[in-house]
1. Does VAL139 meet the test of being at pLDDT below 90, surrounded by fewer than 22 Cβ atoms within 10 Å (Cβ to Cβ) and hydrophobic (A, V, I, L, M, F, W, C)?
2. Would you tally the residues in segment 142-157 being in a helix (DSSP H, G or I) and either surrounded by fewer than 18 Cβ atoms within 10 Å (Cβ to Cβ) or at pLDDT below 80 (or both)?
3. Confirm whether PHE168 is more than 18 Å from ALA49 (Cα to Cα), buried (at least 16 other Cβ atoms within 10 Å of the Cβ), aromatic (Phe, Trp, Tyr) and touching a residue at least 40 places away in the same chain (Cβ under 8 Å).
4. Of the residues that make up segment 37-51, is at least one part of a loop (DSSP other than H, G, I, E, B) and either at pLDDT below 90 or more than 30 Å from ARG184 (Cα to Cα) (or both)?
5. Do we have ALA163 as assigned to a helix (DSSP H, G or I), under 30 Å from THR75 (Cβ atoms) and touching a residue at least 12 places away in the same chain (Cβ under 8 Å) here?
6. Report, ordered by the first and then the second residue, all pairs with beta carbons closer than 6 Å, sequence separation of six or more or different chains, a first member in segment 180-206 that is farther than 9 Å from LEU85 by Cα, and a second member that is modelled with pLDDT of 85 or more and among the β-branched types (Val, Ile, Thr).
7. In this structure, is ALA196 surrounded by 15 or more Cβ atoms within 10 Å (Cβ to Cβ) and either closer than 30 Å to LEU61 by Cα or in contact with a Leu (Cβ under 9 Å, 6 or more places away or on another chain) (or both)?
8. When only residues in segment 171-185 that are of a type outside the set (Gly, Ala, Ser) and at pLDDT below 85 count, which is surrounded by the most Cβ atoms within 10 Å (Cβ to Cβ)?
Amino acid sequence: MSATLTPALFGLLTGLSLIIAIGAQNAYLLRLGIAGRARVVLPAVAVCAGSDAVLILAGVLGLGAFVQSVPVALTLIRVIGSAFLFWYAFEAARRAWRPSGEVLELGTPSSGAAVGVRRVVVTMAALTWLNPHVYLDTVILLGSIANGQPTGRWWWVAGAVLASVIWFTALGFGARLLRPVFARPIAWRVLDAIIAVVMVAIGLRIAIGL
């Protein structure tokens, strides 16, 4: 492979290995994508991919060293982030246990209701930026890997950023293929129950500093 393609492919694979795991971002984006409304899916995907690009670039440019030198900042983010995740888990559990008249708060494809774009953007930004692991994994880890490349550092960065764009776009817009399954209210209740468990697990992991 060429000196350009090799680091770009390595960056792509490394980026995918970190973001494909089930997480708060992915769970929320999946729920948005199943509803199939581009007006909220597109900005959500943009927030996810754009945030990853900014964080990766920040890591390459040296923010990782700053983050490591100010542990109190990560502690503050850990407290706020875990509290936010617990709140979101409670909301998901409430929907699963006792759904309101609308099966899906975002609005099912057959209903006229839909959550506002601003709310989606704020929620997705919180799920992204209030997660201390995003600074450990994306800023410090990916930044150090990128800076450790003997050649083609910026091609590696391009590959990692492309991984985020590909994954979040595929998840957000591909989730609509699951619509037939979620035509039944019970499917939404099961999904919300799973999301609640995921959010609690991530919140606990953040709270105890793992």
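1. No; evaluated as a whole, the condition is false for this residue.
2. Initial filter on segment 142-157 (in a helix (DSSP H, G or I)): 142-147, 153-157.
Right, trim to either surrounded by fewer than 18 Cβ atoms within 10 Å (Cβ to Cβ) or at pLDDT below 80 (or both) and you get 142-147, 153-154.
Result for segment 142-157: 8.
3. Details: more than 18 Å from ALA49 (Cα to Cα): no; buried (at least 16 other Cβ atoms within 10 Å of the Cβ): yes; aromatic (Phe, Trp, Tyr): yes; touching a residue at least 40 places away in the same chain (Cβ under 8 Å): yes.
No: the conditions fail for PHE168.
4. Here is the first cut: in segment 37-51, the ones part of a loop (DSSP other than H, G, I, E, B) are 37.
So of that shortlist, the ones also either at pLDDT below 90 or more than 30 Å from ARG184 (Cα to Cα) (or both) come out as 37.
Yes, the conditions are met somewhere in segment 37-51.
5. Numbers: assigned to a helix (DSSP H, G or I): yes; under 30 Å from THR75 (Cβ atoms): yes; touching a residue at least 12 places away in the same chain (Cβ under 8 Å): yes.
It is true that ALA163 is assigned to a helix (DSSP H, G or I), under 30 Å from THR75 (Cβ atoms) and touching a residue at least 12 places away in the same chain (Cβ under 8 Å).
6. If the second residue must be modelled with pLDDT of 85 or more and among the β-branched types (Val, Ile, Thr), the pairs left are PHE182/ILE34.
7. On the way: surrounded by 15 or more Cβ atoms within 10 Å (Cβ to Cβ): yes; either closer than 30 Å to LEU61 by Cα or in contact with a Leu (Cβ under 9 Å, 6 or more places away or on another chain) (or both): no.
No: the conditions fail for ALA196.
8. Looking only at segment 171-185, we keep the residues that are of a type outside the set (Gly, Ala, Ser), and these are 171, 173, 176-182, 184-185.
When the remaining residues are screened for being at pLDDT below 85, the result is 179, 181-182, 184-185.
Numbers: ARG179: 15, VAL181: 12, PHE182: 22, ARG184: 11, PRO185: 12.
For segment 171-185, the residue satisfying everything is PHE182.
The values are calculated or read from the model by the stated rules, or taken from the named source; none is laboratory data. From a predicted model like this one, the values you see are computed outputs, not experimental measurements. Please note: Cβ atoms are built from the backbone with ideal geometry, for glycine as well, and neighbour counts cover all protein chains shown.
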